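Everything on this sheet refers to the single structure shown next.
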Amino acid sequence: MRYKTVEDVIHEGRDFHAQLSQVYREYEQLASDGRIELLLDQLRRREDSMMHSLENFHDDLTPGALHTWVQFAPEGREKEFLQRLRNVDLENLDDIAKLALDIEMYLADQYRDLALGAETPSARDAFERLRDLEELEEHTLSKNLFNLRDY
C-alpha cells in the first residue's frame, strides 16, 4: 500500500490501458485464426476507448478532486496481468477472453475498493464513476464474447 492522488490513479489506469492496447495490437498481427484476430481487434479498440475515456474523465474533475490523496492505494497487479498476457496462447480464444475479463473485473474491484476507502466525497465519487465505467466495459465485453463464440 502506498499514498497516491486520484490523478495518479487515473494516469496509472490510462497507462495500463495503453500497454494493453499495444499488446493486443501486436498480437492482432500475429493471429492466424479469424475469430481470434477479431477478438484482439475488439480488445484493442476497447482499450483505446478506455484511454480516451480516462483522459476525458481526468479533464472533467476539479483540481481539488484530482489532488486528493488516497492513503491506502493498492500497489496494483498490472505487471502481473501484462505478464500473463505476454504468455497467453494466441491460438486459444477462450484463454484470451478469460484473461481480458479477469483484467476488467480486477479494475472494477480496484476502483470499488478505492471508493470504499476514500476519505472525501469528491474522491469517492471519482472512484465510483471509474468503477461504473469498468463495470460497463466488463458487461459489454461479456456480450461481445458471447456473440463472438457464435461467429
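The values are calculated or read from the model by the stated rules, or taken from the named source; none is laboratory data. Bear in mind the structure is a predicted one, so any value in this text is a computation, not a measurement. In this analysis, Cβ positions are derived from the backbone assuming ideal geometry, glycine residues included, and neighbour counts consider all displayed protein chains. Protein only, heavy atoms only, side chains kept; ligands, DNA and RNA dropped before computing areas. Shrake-Rupley method; radii C 1.70, N 1.55, O 1.52, S 1.80 Å.
Side notes on the structure shown:
- The range 1-105 holds helices (runs of 4 or more DSSP H) entirely within its bounds, and those carrying 1 or more residues that are among the small types (Gly, Ala, Ser), touching a residue at least 24 places away in the same chain (Cβ under 8 Å) and under 18 Å from residue 141 (Cα atoms) map to 6-30, 34-60.
- Residues being touching a strand residue (DSSP E or B) at 6+ places or on another chain (Cβ under 7 Å) and among the acidic types (Asp, Glu) - total across the range 62-106: 1
- Looking across the range 84-110 at every residue that is farther than 20 Å from residue 12 by Cα and acidic (Asp, Glu), the one that is farthest from the chain's Cα centre (by Cα) is identified as 91.
- Selected residue (criterion: nearest to residue 131 (Cα to Cα)) from residues of the range 12-41 that are open to solvent by 60 Å² or more (accessible area, probe 1.4 Å) and of a type outside the set (Asp, Glu): 14
- Note on the range 50-88: among residues that are hydrophobic (A, V, I, L, M, F, W, C) and over 13 Å from residue 20 (Cβ atoms), the one that is most open to solvent (accessible area, probe 1.4 Å) is 69.
- Selection within the range 111-136 - open to solvent by 30 Å² or more (accessible area, probe 1.4 Å) and under 14 Å from the mean Cα position of the chain (by Cα): 112, 129, 131, 132, 133, 135, 136
- Top-ranked residue in the range 137-151 [being open to solvent by less than 80 Å² (accessible area, probe 1.4 Å) and not β-branched (Val, Ile, Thr); ranked as farthest from residue 48 (Cα to Cα)]: 148
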